[in-house]
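Below: the structure, in structure tokens.
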Amino acid sequence: MIDAAFLQDPYPAYRALREAGPVHWSEDFFQGAWLLSRHADVEFALRDPCFSAQRTGGWVKRIDAAGAGRAARRALAGERLFEHLFARAMVFLDAPDHARIRRVMAAGFHPATIRALAPQIEALTAEVLDGLAGRDGFDFIEAVARPLPSRVIALLLGVERADEARFIAWSEDLAAFIGAPRPSPDALLRAQRSLLELVRYFEALLPARRAAPGQDLVSRLVLGEQAGLIRTDAELLAQCAMLLFAGHETTRNLLGNGLYTLLSHPTQWAQLRASPELMPGALRELLRYESPVQYTGRRVARELQLHGHTLRRGELVIALTGAANRDPARYADPDVFDITRRDGSHLSFGSGAHVCIGAGLSMLEAEIVLRQVMQRWPALRLTAATPQWNGNAALRGLASLPLCVDPAGPAALAHDPCPCGYDTAVGQAAAAQCAAAVLAL
């Protein structure tokens with residue numbers, strides 16, 4: 001199933017899975033997993049406690065080192081510390097630990113907190129796009145989608161933007177491991193190294209935050225530690241590391257996938273430019289149509305029957321969100337991209353207790369970036385007929401997105417207002433309105 005054709009376009013394979021039946025066993029994922037491809041079943045697996053998020057142990061230990069040489073032995077020798085840190089990240093915890101740590105983080109992702117960041121995200125976006133002025137073309141992934149989310153999550157965490165290159169490199173190593181259906185020992189080794197470097201980076205910040213906490217997210221975690229809600233150093237450091245990774249990787253893919261999808265549907269691009277009030281629905285449709293997260297894993301917590309199959313405790317379940325988002329039982333004409341669609345939302349941010357805590361921030365970033373791009377370059381065009389995808393089965397995104405700029409386009413729309421009324425001259429009050437419109441999705 002997982003081949004070059006699948007990585008380029010997984011949707012025909014998803015369609016075949018859905019049509020063949022609701023549940024399938026596959027050896028392609030982590031040496032064996034149940035695949036769920038229909039919307040109702042994927043949502044069930046994401047919401048029901050009979051499916052556990054605690055899945056990292058088998059993830060690491062099932063990597064086959066036979067014949068892989070020195071790199072494999074080094075990777076597996078360091079797995080215990082890596083697994084211990086990885087397993088303490090909130091995304092891999094069940095209740096009550098998940099709820100306890102999420103409660104600490106929630107204040108940092110409160111709508112009011114995100115709204116307050118809107119002017120700074122606007123300024124960061126303008127700074128990045130200003131650097132492209134005068135060019136006839138550019139690679140959107142390299143120039144915008146890679147650096148910008150890193151700068152935004154650094155702002156939220158209260159870490160130095162000067163370390164941007166390291167943040168991106170660490171995130172990409174973790175993404176290559178997390179997104180591989182069968183991670184290689186080399187991928188494990190790189191992920192181990194990057195996670196441990198991330199941990200050391202945050203360890204160096206903690207004494208100052210403990211002495212004088214601020215309003216950043218690392219300080220909020222420190223305050224949670226002082227209140228007894230974060231119970232160990234490993235637990236605190238795991239949240240810091242995974243927040244930086246998740247805040248960068250998925251938003252980068254949302255930006256790239258979103259702009260590519262709009263530009264490859266010129267009528268929809270023109271419609272959104274003409275009716276910018278459609279932006280909230282357009283973002284939902286972009287996430288449904290080309291999800292940055294194509295699947296997530298769960299472990300069976302207790303034996304159950306599902307569509308005539310016995311799922312035994314400890315077995316891995318792959319919830320194919322990318323397939324669920326195109327289920328014709330849930331959406332009319334699911335393979336059609338339509339920014340005016342009104343037949344339901346998507347599962348790209350998950351569902352239930354583990355729904356993505358940073359969804360509001362990602363949506364706000366995407367709204368701001370797409371709006372500014374449309375204003376500056378309304379006649380922007382793709383320069384490659386076939387996109388270059390990143391080859392990551394779980395974290396689907398573009399490796400590059402070369403674009404051609406029409407120099408006659410931007411001036412006419414240089415001062416168009418945001419669909420929710422934001423203009424940089426108006427100040428923070430209007431920025432709050434802009435963020436609220438997106439966060440109210």
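The values are calculated or read from the model by the stated rules, or taken from the named source; none is laboratory data. None of the values given here were measured: they were computed from a predicted structure. All Cβ positions, even for glycine, are placed from backbone atoms using ideal geometry, and neighbour counts span all protein chains on display.
Counting just the residues of segment 315-347 that are assigned to a loop (DSSP other than H, G, I, E, B) and touching a Gly at 6+ places or on another chain (Cβ under 8 Å), which one comes out surrounded by the most Cβ atoms within 10 Å (Cβ to Cβ)? Spell out the reasoning first.
Pass one, segment 315-347, residues assigned to a loop (DSSP other than H, G, I, E, B): 315, 320, 325-347.
Now narrow it down to the ones that are touching a Gly at 6+ places or on another chain (Cβ under 8 Å): 315, 330-331, 339-342.
On the way: 315: 16, 330: 20, 331: 21, 339: 23, 340: 12, 341: 19, 342: 9.
So, considering only residues that are assigned to a loop (DSSP other than H, G, I, E, B) and touching a Gly at 6+ places or on another chain (Cβ under 8 Å), the one surrounded by the most Cβ atoms within 10 Å (Cβ to Cβ) is 339.
Here is a yes/no grid of residues against (1) within 28 Å of residue 37 (Cβ to Cβ); (2) more than 20 Å from the chain's Cα centre (by Cα); (3) at pLDDT below 90; (4) of a type in the set (Gly, Ala, Ser):
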position: 349; (1), (2), (3), (4): yes, no, no, no
position: 353; (1), (2), (3), (4): yes, no, no, yes
position: 365; (1), (2), (3), (4): no, no, no, no
position: 369; (1), (2), (3), (4): no, no, no, no
position: 375; (1), (2), (3), (4): no, yes, no, no
position: 382; (1), (2), (3), (4): no, yes, no, no
position: 394; (1), (2), (3), (4): yes, no, no, yes
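Give segment 285-301 a look and list any residue that's of a type outside the set (Gly, Ala, Ser) and assigned to a strand (DSSP E or B), or say none.
If we filter segment 285-301 for residues that are of a type outside the set (Gly, Ala, Ser), which is where we start, we get 285-290, 292-296, 298-300.
Those that are of a type outside the set (Gly, Ala, Ser) and assigned to a strand (DSSP E or B): 296, 298, 299, 300.
Restricting attention to segment 220-235, report how many residues are under 14 Å from residue 98 (Cα atoms), among the aliphatic types (A, V, I, L, M) and surrounded by fewer than 22 Cβ atoms within 10 Å (Cβ to Cβ).
1
Quick check, is residue 73 of a type in the set (Lys, Arg), surrounded by fewer than 16 Cβ atoms within 10 Å (Cβ to Cβ) and at pLDDT 95 or above? Reasoning before the result, please.
Numbers: of a type in the set (Lys, Arg): yes; surrounded by fewer than 16 Cβ atoms within 10 Å (Cβ to Cβ): yes; at pLDDT 95 or above: no.
For residue 73, the condition - of a type in the set (Lys, Arg), surrounded by fewer than 16 Cβ atoms within 10 Å (Cβ to Cβ) and at pLDDT 95 or above - is not met.
Which residue, of 395, 380, 370, 364, is over 30 Å from residue 5 (Cα atoms) and surrounded by 20 or more Cβ atoms within 10 Å (Cβ to Cβ)?
On the way: 395 fails: over 30 Å from residue 5 (Cα atoms); 380 fails: over 30 Å from residue 5 (Cα atoms); 370 fails: over 30 Å from residue 5 (Cα atoms).
Going through 395, 380, 370, 364 in turn, just one is over 30 Å from residue 5 (Cα atoms) and surrounded by 20 or more Cβ atoms within 10 Å (Cβ to Cβ): 364.
Would you confirm whether or not segment 251-270 contains a residue that is touching a Ser or Thr at 6+ places or on another chain (Cβ under 8 Å), at negative phi and not in a helix (DSSP H, G or I)?
Scanning segment 251-270, I find no residue that is touching a Ser or Thr at 6+ places or on another chain (Cβ under 8 Å), at negative phi and not in a helix (DSSP H, G or I), so the answer is no.
Has segment 298-305 got at least one residue that is surrounded by fewer than 22 Cβ atoms within 10 Å (Cβ to Cβ) and acidic (Asp, Glu)?
Checked against the condition, which is being surrounded by fewer than 22 Cβ atoms within 10 Å (Cβ to Cβ) and acidic (Asp, Glu), segment 298-305 yields at least one hit.
(1) within 21 Å of residue 4 (Cβ to Cβ); (2) in contact with a strand residue (DSSP E or B) (Cβ under 7 Å, 6 or more places away or on another chain); (3) in a loop (DSSP other than H, G, I, E, B): which one isn't true of residue 385, the others all being true?
Against the list (1) within 21 Å of residue 4 (Cβ to Cβ); (2) in contact with a strand residue (DSSP E or B) (Cβ under 7 Å, 6 or more places away or on another chain); (3) in a loop (DSSP other than H, G, I, E, B), residue 385 comes up short only on (2).
Can you name the residue in segment 9-28 that is among the aliphatic types (A, V, I, L, M) and over 26 Å from residue 257 (Cβ atoms) and is also surrounded by the most Cβ atoms within 10 Å (Cβ to Cβ) among such residues? It would help to see each step written out before you state the result.
Just the residues of segment 9-28 that are among the aliphatic types (A, V, I, L, M), to begin with: 13, 16-17, 20, 23.
Narrowing the set further to residues that are over 26 Å from residue 257 (Cβ atoms) leaves 20, 23.
Working: 20: 9, 23: 17.
The extreme case among them is 23.
With respect to residue 383, determine if the residue is free of Cβ contacts under 8 Å to residues at least 60 places away in the same chain and among the hydroxyl-bearing types (Ser, Thr, Tyr).
Values: free of Cβ contacts under 8 Å to residues at least 60 places away in the same chain: no; among the hydroxyl-bearing types (Ser, Thr, Tyr): yes.
When the stated conditions are applied, residue 383 does not pass them.
Within segment 143-181, how many residues are closer than 22 Å to residue 217 by Cα, outside any helix (DSSP H, G or I) and either free of Cβ contacts under 8 Å to residues at least 12 places away in the same chain or within 17 Å of the chain's Cα centre (by Cα) (or both)?
Selection size over segment 143-181: 2.
Here are 54, 31: which of them is assigned to a loop (DSSP other than H, G, I, E, B), on the phi > 0 side of the Ramachandran plot and either surrounded by 17 or more Cβ atoms within 10 Å (Cβ to Cβ) or modelled with pLDDT under 95 (or both)? Show your work before the answer.
Values: 54 fails: on the phi > 0 side of the Ramachandran plot.
Result of the check over 54, 31: 31.
Going by what's in this entry, would residue 280 be described as buried (at least 17 other Cβ atoms within 10 Å of the Cβ) and part of a loop (DSSP other than H, G, I, E, B)? Quick ask: steps written out before the conclusion?
Numbers: buried (at least 17 other Cβ atoms within 10 Å of the Cβ): yes; part of a loop (DSSP other than H, G, I, E, B): no.
It is false that residue 280 is buried (at least 17 other Cβ atoms within 10 Å of the Cβ) and part of a loop (DSSP other than H, G, I, E, B).
Being of a type outside the set (D, E, K, R) and within 16 Å of residue 46 (Cα to Cα) is the filter here; which residues of segment 315-343 pass it? Give the derivation first.
In the first step, residues of segment 315-343 are kept if they are of a type outside the set (D, E, K, R); the result is 316-325, 328-329, 331-332, 334, 336-337, 339-340.
If the condition is that a residue be of a type outside the set (D, E, K, R) and within 16 Å of residue 46 (Cα to Cα), then 316, 317, 318, 319, 320, 321, 322, 323, 324, 325 are the ones that fit.
Restricting to segment 101-139, and then to whatever is touching a Pro at 6+ places or on another chain (Cβ under 8 Å) and not acidic (Asp, Glu), can you tell me which residue is farthest from residue 377 (Cα to Cα)?
Keep residues of segment 101-139 that are touching a Pro at 6+ places or on another chain (Cβ under 8 Å), which gives 128, 136-139.
Now narrow it down to the ones that are not acidic (Asp, Glu): 128, 137-138.
Working: 128: 14, 137: 11, 138: 12 Å.
Selected residue: 128.
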